[in-house]
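Worksheet: one structure, shown below.
Read-outs: derived from the displayed coordinates by stated rules, not from any lab. On a predicted model such as this, the values are computed, not experimentally measured, just so you know. Neighbour counts run over all protein chains shown; Cβ positions are idealised from the backbone, glycine included.
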Protein chains: 2
Amino acid sequence: VNQQPAVINHRIVLARRPTGLPDDETWRFEQVAAEEPGENQVQVAVDYLSLDPAMRGWLNDVKSYAPPVALGATMRAQGIGHVTASNYPGIAVGDTVLATTGVQEIAVVHGADITPVDTGLAPAPTWLGTLGYPGLTAYFGLFDVAKVQPGETVLVSGAAGAVGATVGQLARIHGCRAVGIAGGPEKCAWLRDDLGFDAAIDYKHDDVYRALRAAAPGGIDVYFDNVGGGTLDTALAQLRMHARVVICGAISQYNATGPVHGPANYLSLLVNRASMTGMLIFDYQEQFPAATARLAQWYRYGQLKSREQVVAGGIERFPAALRMLFDGANTGKLVLRLDHQG
Amino acid sequence: VNQQPAVINHRIVLARRPTGLPDDETWRFEQVAAEEPGENQVQVAVDYLSLDPAMRGWLNDVKSYAPPVALGATMRAQGIGHVTASNYPGIAVGDTVLATTGVQEIAVVHGADITPVDTGLAPAPTWLGTLGYPGLTAYFGLFDVAKVQPGETVLVSGAAGAVGATVGQLARIHGCRAVGIAGGPEKCAWLRDDLGFDAAIDYKHDDVYRALRAAAPGGIDVYFDNVGGGTLDTALAQLRMHARVVICGAISQYNATGPVHGPANYLSLLVNRASMTGMLIFDYQEQFPAATARLAQWYRYGQLKSREQVVAGGIERFPAALRMLFDGANTGKLVLRLDHQG
């Protein structure tokens with residue numbers, strides 16, 4: 001018989017729900033025949049995968065904003081790739097697209113769930129970071145949830161991460177004072193010298209409480225929290241009247257095996273008539289195009305800078321790359337590059 | 001020489017800042033000559049004093065929304081009394097008035113800081129409770145901070161206290177489902193049978209988590225928190241999407257000698273895009289007359305019921321009466337009656 005050799009897909013599936021930090025036992029590497037696209041579907045060869053702190057939450061078998069990844073299922077992830085086959089009008093082979101591809105080399109997705117990516121404006125990894133969900137998270141968190149005003153002081157933790165770095169830069173663009181908390185002198189220097197933060201606090205070496213007093217003597221109007229834990233408590237202790245705390249994440253707590261560290265200083269909300277509000281980017285879907293256009297405009301004119309740390313080596317590197325997020329090893333958006341043969 | 005005998009004033013001053021629950025060593029009972037009113041001042045013989053959980057906070061030497069009571073100063077308190085001398089236009093001897101009198105029998109206050117009290121509508125203790133600051137706190141917390149909507153489910157802790165009992169009743173008036181948490185079967189029966197709460201949970205005997213599941217199977221839209229601690233965590237675990245948590249107080253934590261119990265379930269704010277906002281009644285001063293008129297209207301027509309627990313015996317009973325608040329000994333507004341001779 002005359003048959004084409006099957007195209008091979010490599011993927012990472014959830015083998016065991018982790019306790020604490022996901023280790024190599026958490027995952028299983030699989031080699032399977034690539035799926036063909038059905039009606040209205042598109043086949044994408046994935047070039048870059050986004051690594052996100054939120055992934056840790058998807059591994060827990062608890063009710064949350066998204067269903068947990070099922071045991072044996074391909075790990076959920078955002079990816080950018082090129083279209084290798086299309087049954088969807090308006091999407092052609094060769095197009096560069098963004099989609100929830102999962103951690104695999106060849107994904108089949110519905111054409112309606114795909115976003116075209118303009119690699120003429122910015123390289124693909126930037127579309128997973130500053131111009132993607134992390135950038136949009138910063139945008140809606142600051143402008144919609146916190147309703148930040150020019151002249152206010154904005155504090156952001158996880159400031160050298162993809163969301164945090166954008167929060168500080170958007171705050172500056174908006175006429176605010178931007179203070180970032182990050183781990184290590186290199187990250188802090190990057191925030192101050194390259195991104196224009198007014199101050200950066202190194203939580204690994206500084207006394208955060210005192211450093212924050214010095215960086216924001218009048219207190220904090222907006223605290224954009226990506227880390228939780230003791231940093232949230234320190235920020236709560238230095239709120240100004242009518243301050244807004246945006247709860248975007250709590251990376252310090254995601255791998256905790258004991259109880260979550262609750263913010264003991266939460267009564268500062270009462271003293272200061274302040275608020276603490278949780279946010280999720282998916283609520284703003286209808287406003288994505290307009291917000292993306294604004295972010296792209298700032299990016300084009302150099303007001304908004306982006307940095308990505310690209311890990312090479314293909315999906316086998318996914319387990320180790322994910323741990324880099326929790327070790328604080330990355331600066332800017334952490335992305336995995338797939339060097340697969342289709 | 002021909003001289004009138006000096007009028008004697010008895011007062012309670014702060015002798016020592018307490019650790020934990022204030023004990024008798026915290027206070028000093030003093031007997032002094034009564035002050036005469038100066039220009040624009042009014043002398044008031046105090047008949048009733050308000051006992052409030054917030055008093056505990058005023059004893060700590062920390063920055064808060066109000067300065068701490070100084071050592072040796074008369075303890076701060078709201079009181080209702082009758083005017084015994086007036087140098088202020090429009091206020092006459094014999095008028096019944098509300099003011100920050102302090103814990104003493106005879107107070108001298110500025111005439112501008114006095115509110116006339118209509119004892120024709122309600123007895124004086126009610127004006128310290130449902131028609132006073134506690135009622136206003138419930139009103140603005142529900143309608144301004146939480147922006148409660150008809151049909152929503154409102155949970156309130158400390159539900160048998162002055163604020164909580166009003167929160168539940170206002171929620172019912174507004175067309176909401178009202179669920180209260182209180183200590184003991186008598187308080188719970190009062191909430192259900194007399195005040196019309198849809199459900200009452202006895203935190204001393206019920207499994208609060210399960211009881212809340214049963215009372216609000218669809219989850220909570222508004223949680224009005226007066227107690228903090230484990231109850232706040234339980235409520236956070238059962239929020240609905242876009243829920244609002246109003247932080248009004250944390251009576252379970254006020255006498256804690258260790259660190260405050262931070263809400264470990266605060267990430268429910270993120271999952272549910274919910275908010276937690278602190279409030280203080282003093283921010284609404286300009287709206288007091290309008291809100292009081294509405295509360296008085298509901299009270300007049302029997303839609304809003306009030307209950308006060310009046311402790312007799314004069315200011316000597318203040319230290320013991322204050323402790324009743326933290327023991328959960330009171331139902332409704334706790335008030336101290338002064339049986340002084342002027």
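Taking the Cβ of A:LEU131 as the center, what net charge do the other residues with Cβ under 13 Å away carry, scoring Lys and Arg +1 and Asp and Glu -1?
Its environment carries a net charge of +3.
Given a Förster distance of 56 Å, report the FRET efficiency between B:ASP327 and A:ARG294 from their Cβ-Cβ distance, rounded to the nearest 0.05.
0.50
Working from Cα positions, state the angle (0 to 90°, nearest 10) between the long axis of helix A:318-327 and the longest principal axis of chain A.
The angle comes out near 0 degrees.
Mind scanning A:LYS63/B:LYS147; A:LYS63/B:LYS204; A:LYS187/A:LYS305; A:LYS147/B:LYS147; A:LYS187/A:LYS333; B:LYS187/B:LYS333 and naming the pairs with a C-alpha gap bigger than 20 Å?
Working: A:LYS63/B:LYS147 27 Å; A:LYS63/B:LYS204 29 Å; A:LYS187/A:LYS305 14 Å; A:LYS147/B:LYS147 18 Å; A:LYS187/A:LYS333 13 Å; B:LYS187/B:LYS333 13 Å.
Check vs 20 Å cut-off fails for A:LYS63/B:LYS147; A:LYS63/B:LYS204.
Once you average over the residues of A:258-265, how many Cβ atoms of partner chains fall within 10 Å of each Cβ?
5
Distances from B:GLY218 to the same position in the other copies: list them in nm, one decimal, shortest first, using label points 7 Å from Cα along Cα→Cβ.
Result for B:GLY218, in nm, nearest copy first: 4.5.
With springs only between Cα atoms under 10 Å, which of B:TYR88, B:TYR301, B:TYR209 fluctuates most in a Gaussian network model of chain B?
With Cα springs under 10 Å in chain B, the top fluctuation among B:TYR88, B:TYR301, B:TYR209 is at B:TYR301.
Provide A:ASP61, B:ASP52, A:ASP113 in ascending order of the number of other Cβ atoms located within 10 Å of each residue's Cβ, fewest first.
A:ASP61, A:ASP113, B:ASP52
Between copies, how far does the label point of A:LYS204 sit from its twins, in nm, shortest first, when each point is 7 Å from Cα along Cα→Cβ?
Result, one decimal in nm: 5.3.
Please give the calculated 222 nm ellipticity per residue for chain A, where each DSSP H segment of at least 4 residues contributes -39500 (n - 2.57) and the sum is spread over every residue; nearest 500 deg cm²/dmol?
Counting only the DSSP helices, I get -6000 deg cm²/dmol.
Among A:TYR301, A:ALA312, A:SER268, whose Cα lies farthest out toward the positive end of the dipole of chain A, if unit charges sit on the beta carbon of Lys, Arg (+1) and Asp, Glu (-1)?
Sorting the options by dipole projection puts first A:SER268.
For chain B, what class follows from the C-alpha gyration tensor (a ≥ b ≥ c being the square roots of its eigenvalues): rounded when a/c is under 1.5, otherwise prolate if a/b is larger than b/c, else oblate?
prolate
Quick one: putting +1 on the C-beta of Lys and Arg, -1 on the C-beta of Asp and Glu, what dipole do you get for region B:123-267 around its Cα centre, in Debye to the nearest 20?
180
What trypsin sites (Lys or Arg not before Pro) does region B:1-68 have in DSSP loop regions with at most 13 other beta carbons within 10 Å?
Sparse-neighbourhood loop trypsin sites (Lys or Arg not before Pro): B:ARG16, B:LYS63.
By counting other Cβ atoms within 10 Å of each Cβ, how are B:VAL145, B:VAL245 ranked from fewest to most?
Going from sparsest to densest Cβ surroundings: B:VAL145, B:VAL245.
Restricting to the protein assembly as shown, what percent of DSSP beta bridges are antiparallel, rounded to 5?
Values: 63 of 113 bridges.
Expressed as a percentage, antiparallel bridges in the protein assembly as shown total about 55.
So if we plug the beta-carbon distance of A:ASN40 and A:ALA15 into 1/(1 + (r/R0)^6) with R0 = 30 Å, what FRET efficiency do we get, rounded to 0.05?
Between A:ASN40 and A:ALA15 the formula returns 0.40.
Under the classification rounded if a/c is under 1.5, otherwise prolate if a/b is larger than b/c and oblate if not, where does the protein assembly as shown fall, given a ≥ b ≥ c as square roots of the Cα gyration tensor eigenvalues?
Taking the square roots of the gyration eigenvalues as a ≥ b ≥ c, the protein assembly as shown is prolate.
Smallest Cβ-to-axis distance in chain A, for the rotation taking A to B: which residue, how many Å?
A:GLY262, 2
Could you pull the copy-to-copy label distances for B:PRO5, with points set 7 Å along Cα to Cβ, in nm to one decimal and sorted shortest first?
B:PRO5 label point versus its equivalents elsewhere: 11.5 nm.
Using only the Cα atoms of region B:275-342, build the gyration tensor, take square roots of its eigenvalues as a ≥ b ≥ c, and label the shape rounded, prolate or oblate: rounded if a/c is under 1.5, else prolate if a/b is larger than b/c, else oblate.
prolate
Sort A:172-178, A:157-163 for me by packing, meaning the mean count of neighbouring Cβ atoms within 10 Å per residue, highest on top.
Ranking, from highest mean packing down: A:157-163, A:172-178.
Where nothing but the Cβ of Lys and Arg (+1) and of Asp and Glu (-1) is charged, how large is the charge dipole of chain B around its Cα centre, in debye to the nearest 20?
940
Which FRET efficiency value, to the nearest 0.05, is calculated for A:THR119 and A:ALA256 with the Förster distance at 30 angstrom and r the Cβ-Cβ distance?
Calculated transfer efficiency: 0.20.
How much net charge surrounds B:ILE106 when only the other residues with a Cβ under 12 Å from the Cβ of B:ILE106 are counted, with Lys and Arg +1 and Asp and Glu -1? Can you show the working numbers first?
Numbers: positive: B:ARG11; negative: B:GLU35, B:GLU36, B:ASP47, B:GLU105.
My count for the surroundings of B:ILE106 gives -3.
How would you rank A:ASP23, A:ASP225, going from fewest to most other Cβ atoms within 10 Å of each one's own Cβ?
Starting with the residue having the fewest Cβ neighbours, the order is A:ASP23, A:ASP225.
How many angstrom lie between the Cα centre of region B:225-264 and the Cα centre of region A:106-155?
About 34 Å separates the Cα centre of region B:225-264 from the one of region A:106-155.
For region A:124-131, take each phi angle, set θ = phi - 60°, evaluate the Karplus expression 6.51 cos²θ - 1.76 cosθ + 1.60, and give the result in whole Hz per residue in order, putting x for glycine and proline.
With coefficients 6.51, -1.76 and 1.60, one gets 3, x, 5, 6, 8, x, 4, 9 Hz.
For peptide B:56-67, compute the average count of partner chain beta-carbon atoms within 10 Å of each residue's beta-carbon.
On the way: counts 0, 3, 0, 0, 0, 0, 1, 1, 5, 5, 1, 0.
What the average comes to for B:56-67 is 1.
Only Lys, Arg, Asp and Glu count, each charged at its Cβ (+1, +1, -1, -1), so figure out the dipole size of the protein assembly as shown about its Cα centre, rounded to 20 debye.
On the way: 52 positive and 64 negative charges, 8 e Å.
Magnitude of the dipole: close to 40 debye.
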